[in-house]
Amino acid sequence: MSRDGCCGQVYSCLFDYDTPRIALIKSRKIGLLNRFIQLGILAYVIGWVFIWEKGYQEFDTVVSSVTSKVKGVVVTNTTELGVKIWDVADYIIPAQEENAVFVMTNLILTQNQTQGHCPELPETSFCSKEQPCTPGYVGKQSNGVQTGKCVPYNSTVKTCEIFAWCPVENDTHVPDPAFLNGAENFTVLIKNNIWYPKFQVSKRNILSNISSSYLKTCQYDKVNHPFCPIFRLGNIVKEAGESFSDMAVQGGVMGIQINWNCDLDRKLTYCVPKYSFRRLDNREIDHNVSPGYNFRFAKYYKDSNGVESRTLMKVYGIRFDILVFGTAGKFDIIPTMINIGSGAALFGVATVLCDMIVFHFFKKRHYYREKKYKYVEDYDELVGSECGSNP
Amino acid sequence: MSRDGCCGQVYSCLFDYDTPRIALIKSRKIGLLNRFIQLGILAYVIGWVFIWEKGYQEFDTVVSSVTSKVKGVVVTNTTELGVKIWDVADYIIPAQEENAVFVMTNLILTQNQTQGHCPELPETSFCSKEQPCTPGYVGKQSNGVQTGKCVPYNSTVKTCEIFAWCPVENDTHVPDPAFLNGAENFTVLIKNNIWYPKFQVSKRNILSNISSSYLKTCQYDKVNHPFCPIFRLGNIVKEAGESFSDMAVQGGVMGIQINWNCDLDRKLTYCVPKYSFRRLDNREIDHNVSPGYNFRFAKYYKDSNGVESRTLMKVYGIRFDILVFGTAGKFDIIPTMINIGSGAALFGVATVLCDMIVFHFFKKRHYYREKKYKYVEDYDELVGSECGSNP
Amino acid sequence: MSRDGCCGQVYSCLFDYDTPRIALIKSRKIGLLNRFIQLGILAYVIGWVFIWEKGYQEFDTVVSSVTSKVKGVVVTNTTELGVKIWDVADYIIPAQEENAVFVMTNLILTQNQTQGHCPELPETSFCSKEQPCTPGYVGKQSNGVQTGKCVPYNSTVKTCEIFAWCPVENDTHVPDPAFLNGAENFTVLIKNNIWYPKFQVSKRNILSNISSSYLKTCQYDKVNHPFCPIFRLGNIVKEAGESFSDMAVQGGVMGIQINWNCDLDRKLTYCVPKYSFRRLDNREIDHNVSPGYNFRFAKYYKDSNGVESRTLMKVYGIRFDILVFGTAGKFDIIPTMINIGSGAALFGVATVLCDMIVFHFFKKRHYYREKKYKYVEDYDELVGSECGSNP
């Protein structure tokens, strides 16, 4: 054995080839079993990895830009305000947002507020001689700072006087049906441009077969107009399984989901948006604590004497969040190779499984085992163990 | 064979060692082929997995916070408005956004609107004795509710009277060149703080070698000032390959991309932002349906009698969306081990490939096959099959 | 060997079973070593892959919707403005945002601005007979367009006259302590609805055991009220390790992180939000260039003659970005199978490692090597190589 010399080792390293020795068992049962398991693995690799999970593709996530535009007017008629018209500039607050649009549906209006002294609302701060007010105190739900005086709120009730924007807003009664219930008929045009950076592919949701005239008249409909990017607000809410008039009272958050899953191995015209709608807030019907969505907002005015007044609006409404999802896949050699490789590696499992069956459950396992295994005694411990003789 | 006893099985399980038997073929051709394939696998593992894909690193995605501030004034001179100056508080709407900033570039102004009755625009609602107006009807593109009367819009045309904010906005002619075309010279300072949660690393785009005085005078330039966080709007649009004066007319959406890819195995000072710009809307030049970006916005006033009036603005402009991307990598033992492991497993493929070549294409394949394989007859079916004798 | 016939090949392909021949070495040392390495691999697979990384689960990332509502009033008393109260509609700008809320904490107010001519601030544009002003020039930091005149700014200094909103804002002195330092006591209610699309699971951060009355009085506290969704602004800043009164002066950006990591194999009630807070801007304390967060904002007024004036506000404040993170995992058969499979594949590594040890470091390596290897001479080149005889 002169092969341990240095030159020999390099020689052997370069020019020798190691290949496992194989016992080739001619047996229909085992052979078929083996092929059957391999077939299962092949089916998994092709069916699941390649066809279902598209293992031959590289993937990229969508980058998106959204703009939206609401259209519609509604007339209200109340004793307080008279006949009044509301258009886009009135009911969209703020005028533009990045991936959302807020539409006012209900309103508690407090006009002509000026800074001054007035009684607090009864709910939070009743007062009497026994229960006096604390100057400088600000309650958690309060609208101003207590002056310390106890003044009549109306003919029966006395409350603490506060320094605040007066008169104080009274939001105990939310208008029901909602003040701008007609918002149901408003439409929103959503313009969505997407981009798959890795593949340098970009598209917009106004597809190339949509003409200007179609865009002026169409309205989204799951069945008949699935690619019209103009949505009636009432339909959005209805498709999400909610009632618009209920939602309009307390407000809420709706999600407009745009799904751009694309197989870029096919023609780009097959890459189209899929719209779906869901309500994003208030999923627990039985636990309706702090429902809806509202915020406060003011318009400021100055009279000729420079005194500032404001109109405070507690605005209830529906915020439409536009959520753009999507993954695009395109054939790429690297994931293909990796998946073929790891698929091939799985074939080894077939042999392991067959071996387990053959050498444990077959009647003639000893016969096969003798062919597969070569028993090599321990060189050092040729003496038998206590367990028995293993010659 | 007393090894099937229970004690023997445990003994064998613990103290026996299974190793595949190897046929070591001394052949220059096969040996070199084998080493060559292994070299290819090694090159792939080291070159692709470790150097290119940085398989020895753990990765984290950036968390980012962006604030922005626009500077600049522009003077306009029109017959309607006279000489007027526009500064930040006038042309940024809304005053602050999270990852975006909107700059007004064009404007259709309708001053002194009050709620009342006036004729609708001719485009949508011509009327005559034969084609009367419907009281209460609201057209899709309409600005108000029809009263049912047919009134003269001008000396030649009659349109339906509507209850609306009057006079109605006439947006048929978009000013071209854009009203605030001078916005090209505005600058925007972008402050971007990033954070890699997994590595507890944070940085800002105002690098530590940027002084206050440099920040007052610098302007981003790909070549000379690549780290100055102050961008001239005109340059942003130009770098994206668009024309500012074109874009200013109808508005649009620009993306300011900040890329923070960092190799945290190197010094943190090498981790710097890379800016790039692209237009996010309107990628299909030949299909220019519903271009640009605009929204409506109103300023509300009250006269001394408490009558509300408003100035309606149809605002066209460019929204700059600031998109922050980034992945940081740092050496970690676990991905390193996993990649070394799966790289080692790939070496098995070399043997499979060599075997395929040796046992199918070599002239002397029978000689080698006999050495590698041991033919084991089926114990049960020692009788030959119909296909031929397999003794 | 009639097996090379076509029929024979198909027969052999179907009914032959290849299994590697194994040398079973009876040696306590090697056997134990092998089992020890296998035990390590098993421990890694079970401990790391299955228990730590939850390899038996499929994962999904959270989809979230956030609304917020701030409460609180503060009174200020300055010589310029007198006693003034600030409530939600005054200090939240804009009134609603998608995943953020901005609270004004400091303010530079410039009242009664009208468009006209006035001297520029001294800082940027001193002038004299030697250093004249340029008509039409707009400085980078300037508030208007120079008319070319040099006019007295005060009794000692002359500056260029500009056409601008006059008088020009003087923001050299930022109020310290902050004007609305009392914002520390404001509270913000955060309503967060999350959704795991893959598992069709949704939750909100107002947990089902939170009653309306608890929600009216509670305040978040890491220890005592970890699930109360109402946060005192001062506490948020304090928990992030910052000082509110410092931050209030120049403004800043705070992150409110909500972590929704959920193990959906357990009961859904264990899936609860975890709040944490960090400051998102200004991480480099030693390099405090361009600190804080501010923007300009105007309220517009019209007097009885139709002349527009405005109140310009340079608003400093804290923007609270609400960042919702989260991953949910649930048992799924596919990742389980994949991880078991690749775990099993790792067992092969044990044999490779043992072989390396046995055949390189064991004294009796030649004895074992002879049993494992079968030396096959090259059929073509039976003549010895130059390196020595290899019979």
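All of the numbers you see were taken from the coordinates with simple rules; none came from a lab. This is a predicted model, so every value here is computed, not measured. Here Cβ is always computed from backbone atoms with ideal geometry, including for glycine, and neighbour counts include all displayed protein chains.
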Across the identical copies, how the C:LYS363 labels are spaced - nm, sorted shortest first, 7 Å along Cα→Cβ: 4.8, 4.8
Compute the Rg to Rh ratio over the protein assembly as shown from the alpha carbon atoms, using the Kirkwood formula for Rh, and round to two decimal places. 1.09
What would the Debye formula give as log10 I(q)/I(0) at q = 0.17, 0.18, 0.30 Å⁻¹ for the alpha-carbon point model of region C:260-302, no solvent? -0.71, -0.73, -1.07
If I histogram all Cα-Cα distances within chain B using bins 20 Å wide from 0, what percent of pairs lands in each bin? 18, 30, 21, 17, 12, 3
Looking at region A:87-185, which GluC sites (Glu not before Pro) are in a loop (DSSP not H, G, I, E or B) and have at most 13 other Cβ atoms within 10 Å? A:GLU123, A:GLU130
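Sort region B:29-155 into rounded, prolate or oblate with this rule: let a ≥ b ≥ c be the square roots of the eigenvalues of the Cα gyration tensor; rounded if a/c is under 1.5, and if a/c is not under 1.5, prolate when a/b is larger than b/c, oblate otherwise.
Values: a/c = 4.77, a/b = 2.47, b/c = 1.93.
Because a/c hits 1.5 or more and a/b exceeds b/c, region B:29-155 counts as prolate.
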Which whole-Hz couplings ³J(HN,Hα) result when phi for each residue of region C:329-340 is put into the Karplus expression 6.51 cos²θ - 1.76 cosθ + 1.60, θ = phi - 60°, listed in order with x for Gly and Pro? x, 8, 3, 8, 5, 5, x, 4, 4, 4, 6, 5
Please give me, ordered by residue number, the GluC sites (Glu not before Pro) of region A:23-83 that lie in loop per DSSP and have at most 11 other Cβ atoms within 10 Å. A:GLU80
Set C:LYS216/C:LYS274; A:LYS330/C:LYS330; A:LYS302/B:LYS149; A:LYS140/C:LYS267 screened for pairs whose C-alpha atoms are more than 31 Å apart: A:LYS302/B:LYS149; A:LYS140/C:LYS267
Quick one: check the C-alpha center-to-center distance for region B:114-157 versus region B:44-80, whole angstrom. 51 Å
Of C:THR114, C:THR217, C:THR156, the most mobile residue in a GNM of chain C (C-alpha springs, cutoff 10 Å) is C:THR156
Copies of C:GLY139 compared via label points 7 Å along Cα→Cβ give distances in nm, shortest first, of 5.2, 5.2
The summed charge of the C:ASN181 Cβ neighbourhood (under 15 Å; Lys/Arg +1, Asp/Glu -1) stands at -1
Taking the label point 7 Å from Cα along the Cα-Cβ vector, the copy-to-copy distances for C:ASN224, listed from shortest in nm with one decimal, are 6.2, 6.2
The set of residues whose placed amide H lies less than 5 Å from the amide H of C:LYS374, leaving out same-chain residues fewer than 5 positions away, is B:ILE22, B:ALA23, B:LEU24
Would you mind checking which residues have amide H under 5 Å from A:CYS150's amide H? H placed 1.01 Å from N; only 5 or more apart, or other chain. A:GLU161
May I ask for the longest run of chain B untouched by trypsin sites (Lys or Arg not before Pro) that are loop-located per DSSP and have at most 13 neighbouring C-beta atoms (other than their own) within 10 Å? B:1-128
Classified through the alpha carbon gyration tensor (a ≥ b ≥ c as square roots of its eigenvalues; rounded if a/c is under 1.5, else prolate when a/b is larger than b/c, else oblate), region C:100-217 comes out prolate
Net charge near C:ASN235: determine it from the other residues with C-beta under 10 Å of the C-beta of C:ASN235, scoring Lys and Arg +1 and Asp and Glu -1. 0
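Return the percentage of antiparallel bridges among DSSP beta bridges fully within chain C, rounded to the nearest 5 %. Can you show the working numbers first?
Details: 67 of 77 bridges.
The answer is about 85 percent antiparallel.
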Given the rule -39500 (n - 2.57) for each run of at least 4 DSSP H residues, summed and divided by the residues of chain A, what is its mean residue ellipticity at 222 nm, to the nearest 500 deg cm²/dmol? -6500 deg cm²/dmol
Taking Cα atoms, the helix C:28-43 axis meets the longest principal axis of chain C at an angle in degrees (rounded to 10) of 30 degrees
